[in-house]
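The values are calculated or read from the model by the stated rules, or taken from the named source; none is laboratory data. All values reported here derive from a predicted model rather than from experimental measurement. Positions of Cβ are generated from backbone atoms using ideal geometry, with glycine treated the same way; all protein chains shown enter the neighbour counts.
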Amino acid sequence: MVSGRRSYADLFLKLSSDPDKRSESIYFYDINAKVSHRFSAKDKVYVNFYSGKDLFGTSSEDFSYGNTLASTSWNHVFSKNIFSRLSINYTNYHYELGSSMENSQITWKSNIQDLDLHLDINHHITNKIRLNYGLSSTFHQFEPALIKRPGYPNYRIQRSYALEHCVYIGLDEKVNDHISLKYGLRTTIFQNMGKASVFSYDKNYEVNDTCYYKSRKIYHTYTRYEPRFGIVYQLDHNSSLKANYAHNVQFIQIANNSDSGSPLDLWFPASKNIKPQQANLYSFGYFRNFNQNTIETSVELYYKGLNNIIDFADNAQLLFNDKLEGEVRTGKGKAYGMEIMIKKNTGRLTGFINYTLSRTERTIPGINNGKAYLAPSDKTHSVNLMLSYKCSKKWSISAGWVYATGTPVTYPTGRFEINGEYYPIYSGRNTSRKKDYHRLDLSATYTPTKNPKKWYQGEWNFSLYNAYWNKNPWMISFDQNTNSGIPKAQMTYLFGAIPSITYNFKF
Amino acid sequence: MKIMSNPSNTTITMLIVFFSILFNSCTEDITINTNNSIPVPVVYGTITDHYIRQEIALSSSTGYFDQKENERISDAIVTLEEDSTNITNTYNLTQDSVGSGIYKTQQPMAGKPGWTYKLTVKTDFDLDGTAENYEAESKMPTRIILDSMNITKIKESGYTLYSLNISAQDPADQTNYYFCKYTINGTLYNKISKYIGFDDTSLNGMYVDDLSIWLFYDKSNISKFNDDDVKDMVFLSSGDKMYIEICNITKGYSDFIEDCQGQKDGSNPMFGGPPANISTNISNGARGYFTAYSTSSANSIVPNDFSE
C-alpha cells in the first residue's frame with residue numbers, strides 16, 4: 001500500500017491581495033507505504049515507511065516539524081501455540097526553524113532519533129493461559145539544537161546518546177468463568193553513553209564540575225522494574241468489574257512551556273542529574289453492555305502518583321543554553337479522574353461519547369514557592385463525541401465534536417511601573433486558563449456503485465474542519481499599546497474553518 | 001517479494017483542499033479576565049556617585065490590564081541612611097511636588113563606593129491605620145575606570161551597524177556586573193529595556209581594549225524591521241553624539257535588569273521559560289529594586305566612515 005497527501009491550501013494564498021499573505025506558506029504532507037510478503041505458511045515480512053511534515057512559513061521565516069518512521073518486521077509461527085515477531089524500527093522526530101532574511105539566513109534544527117530492535121513472543125500455554133515475553137534494545141540520539149548560519153561556524157548544543165534495554169514477561173490467565181487475571185513484569189536498563197560533557201550542579205544549580213566521556217563510553221546506568229497486575233471480574237454476561245495496578249518508569253521526559261502549543265518543548269533523557277520518572281497507576285472500572293451488546297458503557301476511576309517529574313525553574317534560560325539540566329527542577333505529581341463512555345457499534349447510527357473529569361497537579365520544590373500547581377496538560381472537563389449515520393448505500397454522514405477545558409497558563413495578574421515601562425506580576429504558576437477548546441468537524445462520504453469494468457473503486461469525501469469557525473487559541477502573547485504603553489493580550493490561532501474534498505480510490 | 005494486492009488495503013489517497021479563507025495563522029487582540037493580584041507598594045531607586053539630589057520613586061502595583069496609570073504613593077516617610085565603618089549619615093527624602101511619588105534628598109549628595117545604603121519607606125499602604133515599613137539595602141561597588149569609548153561603523157549580513165566599544169580596567173576581585181546607559185544627542189534612554197547589561201565572566205581582572213558591548217543599527221535599516229520591533233529598538237546615524245555611563249552594579253541588580261528585560265512583554269511564548277516574578281530586594285512583599293552603584297562616563301561621535 002502506498003498513500004500520500006499534501007494540503008494545497010497555501011496555493012490559494014497566492015491569490016491574496018495582501019503581498020505578505022502571498023509569500024506565506026502553510027501546508028502539511030504525509031507519505032505512507034507498506035509492503036508485505038509471505039515467504040512461507042509460517043513466515044511473513046512487513047516493511048513500513050511513514051514520513052509527515054507540517055510547515056508554517058512567511059517570506060522571511062518558517063517553522064516546521066515532522067516525523068519519519070521506518071520499520072521492518074518478521075512474523076514467524078513456531079507452532080500453533082507459539083508466535084514471534086522480530087522487528088527493527090527507526091524513528092526521527094524533528095523540528096526546524098529558519099530565517100531566510102536577505103544575508104541573514106539562519107536555521108535551527110532539533111531532532112530525536114531512535115533505532116530499536118524488538119523480539120516479542122506469544123505463547124498459548126493452554127486455552128486459559130497465554131504468555132507473552134520478549135526483549136528490546138533501543139539506541140536514542142538527542143540533538144537539542146544545531147544552529148547554522150552561512151559564513152559562521154555551526155553552533156551545537158551537545159548531543160546526547162543513550163541505550164535502553166528491556167526484558168518483559170506477561171501472563172493472561174482465565175482463572176474461572178468469573179475471574180481473569182493479567183500480570184507481568186518489565187525490567188529496563190537505561191544507560192547514558194558518550195561522547196558527552198556531563199555537568200555537576202551545586203545546591204544553587206550552578207555548575208561546579210564537568211566530566212568528559214569519550215565516544216560510546218557508558219557513564220551512567222539506571223535499572224528499574226515495572227510490575228503490573230489487573231483483574232477482571234465478570235458479574236454476569238452483560239457486566240464486569242476491572243481493577244488494575246501498574247508501576248511505570250519513564251526514562252525520557254518532556255518539559256514544556258505552558259504558554260504555547262509549540263512543539264519546541266524540550267526532551268530530557270534520564271541522567272545523573274535527572275532521575276527517571278516513576279508512576280503508580282491505580283484504576284477501577286465498571287463495564288456494562290445493553291441491548292444485546294449493541295451498546296457498551298463504562299465508568300472508570302483512576303489515580304496516578306508520580307515521582308521525579310520535571311518542570312522548568314522560574315526564569316529558566318532555555319535559548320542557547322548547554323546547561324539545561326540546571327534549569328530543571330524535580331518533584332512529585334498526581335493525576336486523578338473519572339472516565340465515562342457510551343458506545344454504539346451497530347445499526348445505521350453508530351458512534352461514541354466519552355467524558356473525562358480529571359485533575360493533574362505538581363508539587364516541585366523551587367517552583368511556585370513549593371506549593372502544588374496545575375500541570376500544563378490539566379483539563380477539568382473533556383468530551384469527545386463521534387456520530388456516523390448511514391443514509392443510504394451510497395451516502396454516509398458523520399460529525400465529531402471535541403471539547404476541553406482550557407489548559408492552565410501563567411498570566412500576569414498585576415503590573416508595576418518603572419521609568420515609564422510596565423512589568424508583570426504573577427500570582428503563581430499556572431493559575432489562569434486558556435479559553436475552552438471546542439471544535440466540530442463534519443463530513444459526508446459518497447461511494448458510487450462499483451463499476452465492474454473499472455479497475456478501481458472510487459469514493460468521495462466532503463469534509464468541514466472546525467465547522468462553526470471557533471477561534472481556538474494556539475498561543476497567547478503580550479505586548480504594550482504603542483501610544484499609552486498599557487499592556488494588552490494577543491491570541492494567535494491557526495485555523496478557521498477548512499472545507500476539503502478527498503477522492504480515494506482503491507485497487 | 002510483491003506488492004500486496006488486497007483491495008481493502010490498497011489505497012491511494014489524494015487530498016485536495018478546495019479553498020481556504022482562513023487557512024492561515026491569525027493574531028488578534030483579546031481580553032483576558034484574570035483575578036487582579038492585591039496591590040503592593042513598588043519602590044524603585046538608585047543611589048549613584050553623581051553629586052545630585054538622589055531620588056526614590058514610590059507607586060502602587062495595579063491590575064495587569066488596568067487602563068489607567070499606576071497610582072503614586074504620596075504620603076510616605078522616606079529615609080536614606082549611609083554607613084561606612086564608623087560614620088552614619090541620615091537623609092530624609094521628600095516630594096518636590098506632592099502626589100508625584102518622587103522623593104528626593106533635600107540637598108545634593110554623592111554616594112560613595114564601599115559604603116552601604118539603607119532605604120526605609122514608611123507608609124500605611126493597606127490603610128489599616130498603622131504604617132508598614134518597606135526596607136532594602138545595597139553596598140555601592142567600586143568604580144570601574146573607563147578609559148575611553150569609541151564607535152565603529154561596520155557592515156554585517158547586509159546591515160550597517162555601529163559597534164559601541166569600551167576600553168577599561170576590570171577589577172580583579174570577583175565577578176563584576178555592569179550596565180551601560182546612554183544619551184543620544186542629549187536624549188537619555190533611561191528605560192530598563194534599553195540598558196546594556198554585561199559581566200566580566202571571561203574577562204575578570206583584564207584590561208579590555210575596545211570591547212564591543214552593543215551593536216546599534218543604522219537608521220537607514222528601519223524599513224528592514226517590522227513596526228512592532230522598531231518601537232523597541234534604538235537606531236544611530238552618522239554624526240550623532242553619544243554619551244555613555246558604565247555602572248558597576250551588584251549581581252542582584254544585574255539579575256533584576258535581566259528579569260525586567262526578559263519579562264517586559266510577558267515571557268516569550270515560543271522560546272521563553274515559564275513566566276516568573278521579577279526579583280526584588282524590597283522587604284515586606286513590595287516589588288521593585290533599590291541599589292547603589294558607581295559610574296564612569298565617556299562620549300563619542302557616531303562616525304561616517306566604515307572602520308578598516
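Structure above, values below:
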item: Any hit, region A:129-138, residues being among the small types (Gly, Ala, Ser) and either touching a residue at least 40 places away in the same chain (Cβ under 8 Å) or more than 23 Å from A:Trp74 (Cα to Cα) (or both); result: no
item: Pairs, first farther than 14 Å from A:Asn466 by Cα in region A:432-449, second in a strand (DSSP E or B) and among the charged types (D, E, K, R), C-beta under 7 Å, six or more apart; result: A:Thr445/A:Glu459; A:Thr447/A:Glu459
item: Residue match in region A:447-456 (condition: within 11 Å of chain B (Cβ to nearest Cβ), surrounded by fewer than 17 Cβ atoms within 10 Å (Cβ to Cβ), farther than 17 Å from A:Val409 by Cα and not basic (Lys, Arg)); result: yes
item: Residue check, A:Ser180 surrounded by 15 or more Cβ atoms within 10 Å (Cβ to Cβ) and free of Cβ contacts under 8 Å to residues at least 40 places away in the same chain; result: no
item: Region A:465-496 - residue that is at the interface with chain B (Cβ under 7 Å from one of its Cβ atoms) and assigned to a loop (DSSP other than H, G, I, E, B) and, of those, nearest to A:Asp436 (Cα to Cα); result: A:Gly496
item: So A:Phe462, is it within 13 Å of chain B (Cβ to nearest Cβ), modelled with pLDDT of 90 or more and surrounded by fewer than 16 Cβ atoms within 10 Å (Cβ to Cβ); result: yes
item: Strands (runs of 3 or more DSSP E) wholly inside region A:288-407 containing at least 1 residues that are among the hydroxyl-bearing types (Ser, Thr, Tyr), in contact with a Lys or Arg (Cβ under 8 Å, 6 or more places away or on another chain) and over 29 Å from A:Leu442 (Cβ atoms); result: A:295-312, A:328-344, A:349-363
item: Residue match in region B:231-254 (condition: free of Cβ contacts under 8 Å to residues at least 60 places away in the same chain, closer than 22 Å to B:Ser60 by Cα, among the acidic types (Asp, Glu) and not in a helix (DSSP H, G or I)); result: no
item: Subset of region B:174-215 that is charged (D, E, K, R) and outside any loop (DSSP other than H, G, I, E, B) - its residue that is nearest to the chain's Cα centre (by Cα); result: B:Lys194
item: Some residue of region B:164-176 being out of contact with any helix residue (DSSP H, G or I) (no Cβ under 6 Å at 6 or more places or on another chain), acidic (Asp, Glu) and modelled with pLDDT under 95; result: yes
item: Residue list for region A:393-426, restricted to those being of a type in the set (S, T, N, Q), surrounded by 18 or more Cβ atoms within 10 Å (Cβ to Cβ) and facing another protein chain (nearest Cβ under 7 Å); result: A:Thr410, A:Thr413
item: Selection status of A:Arg433, among the basic types (Lys, Arg), touching a strand residue (DSSP E or B) at 6+ places or on another chain (Cβ under 8 Å) and either more than 9 Å from every other protein chain (Cβ to nearest Cβ) or within 21 Å of A:Asn307 (Cα to Cα) (or both); result: yes
item: Failed criterion for B:Val230 (all others in (1) over 17 Å from the mean Cα position of the chain (by Cα); (2) farther than 27 Å from A:Phe416 by Cα hold); result: (2)
item: Flag if A:Tyr65 is surrounded by 14 or more Cβ atoms within 10 Å (Cβ to Cβ), at pLDDT 75 or above and either assigned by TED's automatic domain parsing to the domain that holds A:Ile121 or among the aromatic types (Phe, Trp, Tyr) (or both); result: yes
item: Test: residue in region A:229-238 that is under 30 Å from A:Ser477 (Cβ atoms), touching a residue at least 12 places away in the same chain (Cβ under 8 Å) and either more than 20 Å from the chain's Cα centre (by Cα) or within 14 Å of another protein chain (Cβ to nearest Cβ) (or both); result: no
item: Those residues of region B:157-173 which are touching a residue at least 24 places away in the same chain (Cβ under 8 Å), surrounded by 14 or more Cβ atoms within 10 Å (Cβ to Cβ) and either in a loop (DSSP other than H, G, I, E, B) or basic (Lys, Arg) (or both), in sequence order; result: B:Asp170, B:Pro171
item: Set A:Ser283, A:Ser271: member being more than 14 Å from every other protein chain (Cβ to nearest Cβ) and closer than 30 Å to A:Ile147 by Cβ; result: A:Ser271
item: From the options B:Asp265, B:Asp218, B:Asp210, residue that is in contact with an Asp or Glu (Cβ under 8 Å, 6 or more places away or on another chain) and either outside the structural domain of B:Trp115 (by TED's automatic domain parsing) or crowded, with 18+ Cβ neighbours inside 10 Å (or both); result: B:Asp265
item: Any chance B:Ile32 is hydrophobic (A, V, I, L, M, F, W, C), part of a loop (DSSP other than H, G, I, E, B), over 30 Å from B:Lys112 (Cα atoms) and more than 7 Å from chain A (Cβ to nearest Cβ); result: no
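For (1) among the charged types (D, E, K, R); (2) surrounded by fewer than 17 Cβ atoms within 10 Å (Cβ to Cβ), each residue gets a yes or a no:
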position: B:Asn226; (1), (2): no, yes
position: B:Asp229; (1), (2): yes, yes
position: B:Asp232; (1), (2): yes, yes
position: B:Ser237; (1), (2): no, yes
position: B:Met242; (1), (2): no, no
position: B:Glu245; (1), (2): yes, no
position: B:Asn248; (1), (2): no, no
position: B:Tyr253; (1), (2): no, no
